[in-house]
1. Quick one: net charge around LEU134, please, counting Lys, Arg +1 and Asp, Glu -1 for every other residue with C-beta under 11 Å from its C-beta.
2. Test of understanding: what is the full-extension gain from LEU362 to THR65, defined as 0.36 nm times their sequence separation minus their Cα-Cα distance?
3. Can you run phi through the Karplus equation (6.51, -1.76, 1.60; θ = phi - 60°) for the stretch 350-367 and list ³J(HN,Hα) in whole Hz, with x for Gly and Pro?
4. Spin-label point model (7 Å from Cα, Cβ direction): what's the ALA325 to ALA72 distance in nm?
5. I want to check the label-to-label distance for LYS336 and ARG55. Put each point 7 Å from Cα in the C-beta direction and report it in nm to one decimal.
6. Near the amide H of GLY278, under 5 Å away, which other amide H atoms are found, from residues 5 or more places off or on another chain, if H is placed in the peptide plane?
7. Name the residues of the stretch 108-147 whose amide N is less than 18 Å from a point 7 angstrom out from the Cα of GLN177 along the C-beta direction?
8. Are there any GluC sites (Glu not before Pro) in the stretch 224-327 that are in a DSSP loop and have at most 13 other Cβ atoms within 10 Å? List them by number.
Amino acid sequence: MDPVRLALTMGLVRAFGLDRAVDVVAAKAAGDSTLRLVHRSDYVAAVRAASADPRAADQNYGIGTTDDPAFAGMHEVSALIAGQSVAAAEAVWRGETGHAVNFSGGLHHAMPGGAAGFCIYNDPALAIARLLELGAERVAYVDVDVHHGDGVQAAFWEDPRVLTISLHEHPRTLFPQTGWPEETGGGAGEGGAVNVALPAGTGDAGWLRAFHAVVPELLADFRPQVLVTQHGADTHFEDPLAHLAVSLDAQRAVMAACHDLAHEYAEGGRWVALGGGGYAVVDVVPRSWTHLVGIAAHAPVDPESVIPSSWRDEVYARTRQLGPARMTDGRTPSWKAWEDGYDPADRLDQAVLATRRAAFPLRGLLT
Ligand SMILES: [Zn+2]
Ligand SMILES: [Zn+2]
């Protein structure tokens, strides 16, 4: 979670002139009344205490742990990130913009009462909760980070107004060990959680096949008023923390698909796009999220583009590493459509089938 990944991303956005194609807005930090839409007040108080004095961190709240070390100012910076996602949701809901991106957000592991997985405040859940507060009746959340979007799923487990869909590496082999297909929501929200648990090693063709076998059909049926998406870049084959083998080019294809789906099903294109995980901070994260900004700005960056040398100089100055030269991994992703049939002996197809069998009937859809 080295913040250099955000600085390098913004640098690459600027190097392609995308900052002139969009409004760059600094929203205020999320206040306590907003944080309490998702988080318990005793947890917020514990974060504040650790923020003022890191030695006061209370591990009962997941703070001061290996994954979530306490640091001075942790409340302020986490609330600031959350505030950007909340403001993005407000702007999209009010029609001030069709699409909004916060690539510093997507911190999907934070729980109502505790920090987890590098996440303090759950900005995707807060953005969704704010949409509900403003009157939204149907919000869809699609999470393609390599890890399960557990905190967002937990926040709306029993809420029929929110459909959460997460595609991730199988919980058998990856943190947070949740996101099984059988997790489908509870109470009034039964059928409101959908999980696709992908086999370790899944590459472009399988990842895209799974996305298209599950997401468009659910959104076409649910007809969300707003689509919120999380684009953790840690699905990439170079990412050190997980075991999928997705290319930048496939990540870009899924971003473009989310944009298209927002226009098709989310009241003419209400779309809030967030970042997420991503630990190949030089080679992958900046390129991935620059593509996201380009797509949302209706100024997509050509994958064949050569990266400006000014940015590569910045990379070297900050990290003593050589930055990538082009906006592509040189792949041309393609996939086989689910509608054309499946192979019950194939592990990827088994994963998709498990999801469709567990979740689709609860929504009145055929498996
Ligand atoms: Zn992740
Ligand atoms: Zn658009």
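The values are calculated or read from the model by the stated rules, or taken from the named source; none is laboratory data. Here the structure is a predicted model, which is why all the values come from computation and not from measurement. Here the Cβ is made from the backbone with ideal geometry for all residues, glycine too, and neighbour counts use every protein chain on show. Surface accessibility is based on the protein's heavy atoms, side chains included, excluding ligands, DNA and RNA. Shrake-Rupley method; radii C 1.70, N 1.55, O 1.52, S 1.80 Å.
1. Within the 11 Å Cβ shell, the charges total -1.
2. On the way: separation 297, 0.36 × 297 = 106.92 nm, distance 3.82 nm.
Computed gain between LEU362 and THR65 is 103.1 nm.
3. Karplus values, whole Hz, x for Gly and Pro: 5, 5, 5, 4, 4, 5, 5, 5, 7, 9, 5, x, 5, 9, x, 9, 6, 7.
4. Calculated label separation equals 4.4 nm.
5. Placing both labels 7 Å beyond Cα along the Cβ direction yields 6.3 nm.
6. HN-HN under 5 Å from GLY278: ALA233, ASP234.
7. Zone members listed by number: 109-111, 115-118, 147.
8. Loop-located and lightly packed - GLU304.
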